[in-house]
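Structure first, commentary second.
The values are calculated or read from the model by the stated rules, or taken from the named source; none is laboratory data. Computed from a prediction, not measured in an experiment: that's the story for all the values here. FYI the Cβ positions are ideal-geometry reconstructions off the backbone, even for glycines, and counts take in every protein chain you see.
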Amino acid sequence: MVHRSAMSAFRPGAVWSGVSECARGESGRRVGKVLLGAALLGIGLKVYGRYRRYQRRQRWNQAGKDVVVLHQFERATNFPNLSPFALKLETFLRMAGIKYVVDTEEPQGSRNKCPWITFNGQELSDSELIIDFLTQHFGKPLKEKLTPAEHAVGRAVQVMLDEHTIMAVAYKRYVLDGWSYIMGRFPKKYRLMLRLMMPINFPKIKHLFYTVGIGRFSEEETMFFLRRELRALEDVLGDKPFLLDSTPTTYDAAAFAELTQVIYGCAPEVERYVRANYDALVQYHERMKDKYWPDWEQCRAE
């Protein structure tokens, strides 16, 4: 049984009295000053951060009427962007002839998604929602002549690529290969930070893929999924110059972006396999690159 006097020492009033007495002492005042300084520093940094964001938005809003400010990650070392969704959107802008400028200061907007855009004072995120919005705003700049059935095929292929193929590529990049290849595709200034964060982030990334489902498979099984979807994409392409027609459509932007990740941003052995076994896809990718990315070499990080 605890003695009554011992229990009284732990009464809230007694604890508060002890804290107050400590605070009145020299050490307490020092701690108070440190805490006050830390609080003021935090407030200052927060205010400065908001001011910087305000400045950036003011600058973006001055890009001009109907000019898209494309917010995305910085260029990769051997192709324009490590994000297939950013590359899809930028390719679409080029295909549609929509004027745009690139910003890499704030690659993820309020929804923590990349890419996003500033357009005529508005902020929009998600590549698909952005493409739909711009298509309506500019009066369908890509004059697509597709039947409803062809649109359905294009949508099904795009969902396959955006939702499953890219997961196989990302799982290979970040878990199966442990960043060994993809690290060199990031601009040099980020590599040290990425390596330092690896012990913290790698278990989280691995758990994410396990939760999604792809992380429960072996490398052989993962590559089986990837090869099967590439074969399906090649079957849809057939002998046509572009995915669904003799001229490119919006779906080609997605197919090109995902193929770029497979060929240039997955692993050397994957690139060799694709070039050896999917010649039609490789030639298709080259056609898209030549047509819409004549500045491919200039759009790479040092």
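The figures follow:
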item: Filter result for VAL157 (in a helix (DSSP H, G or I) and either in contact (Cβ under 8 Å) with a residue 24 or more places away in the chain or more than 30 Å from GLN58 (Cβ to Cβ) (or both)); result: yes
item: Qualifying residues in region 254-302 (those that are hydroxyl-bearing (Ser, Thr, Tyr) and in a helix (DSSP H, G or I)) - the one farthest from PRO115 (Cα to Cα); result: TYR273
item: Check on GLU74, surrounded by fewer than 18 Cβ atoms within 10 Å (Cβ to Cβ) and touching a Pro at 6+ places or on another chain (Cβ under 7 Å); result: yes
item: Of all residues in region 215-253 being in a helix (DSSP H, G or I) and aromatic (Phe, Trp, Tyr), the one that is farthest from LEU176 (Cα to Cα); result: TYR251
item: Residue, nearest to the chain's Cα centre (by Cα), within region 104-136, restricted to residues that are surrounded by 19 or more Cβ atoms within 10 Å (Cβ to Cβ) and farther than 15 Å from PHE85 by Cβ; result: THR118
item: Long-range neighbours under 7 Å by Cβ, at least six apart or interchain, first residue over 13 Å from LEU93 (Cα atoms) and assigned by TED's automatic domain parsing to the domain that holds LEU161 within region 115-137, second of a type in the set (Asp, Glu) and surrounded by 19 or more Cβ atoms within 10 Å (Cβ to Cβ); result: none
item: Residue in region 258-302 that is farthest from the chain's Cα centre (by Cα), counting only those that are among the aliphatic types (A, V, I, L, M) and within 21 Å of ALA96 (Cβ to Cβ); result: MET288
item: Whichever residue in region 94-117 is basic (Lys, Arg) and either touching an Asp or Glu at 6+ places or on another chain (Cβ under 7 Å) or part of a loop (DSSP other than H, G, I, E, B) (or both) and, among such residues, is modelled with the highest pLDDT; result: LYS99
item: Options ALA38, ALA6, ALA23: the member that is modelled with pLDDT of 65 or more, surrounded by fewer than 17 Cβ atoms within 10 Å (Cβ to Cβ) and part of a helix (DSSP H, G or I); result: ALA38
item: From ASP162, ASP177, residue being acidic (Asp, Glu), assigned by TED's automatic domain parsing to the domain that holds ASP252 and touching a helix residue (DSSP H, G or I) at 6+ places or on another chain (Cβ under 8 Å); result: ASP162
item: Lone qualifier among TYR190, TYR171 - being surrounded by fewer than 18 Cβ atoms within 10 Å (Cβ to Cβ), within 19 Å of the chain's Cα centre (by Cα) and under 22 Å from ALA76 (Cβ atoms); result: TYR190
item: Condition met for VAL236 (more than 28 Å from LYS145 (Cβ to Cβ), out of contact with any Gly (no Cβ under 6 Å at 6 or more places or on another chain) and in contact (Cβ under 8 Å) with a residue 40 or more places away in the chain); result: no
item: All positions within region 54-71 that are of a type in the set (Lys, Arg) and either in the same structural domain as GLU163 (by TED's automatic domain parsing) or loosely packed, with under 15 Cβ neighbours inside 10 Å (or both); result: ARG59, LYS65
item: Selection from region 263-302 of residues that are small (Gly, Ala, Ser) and farther than 21 Å from THR222 by Cα; result: ALA280, ALA301
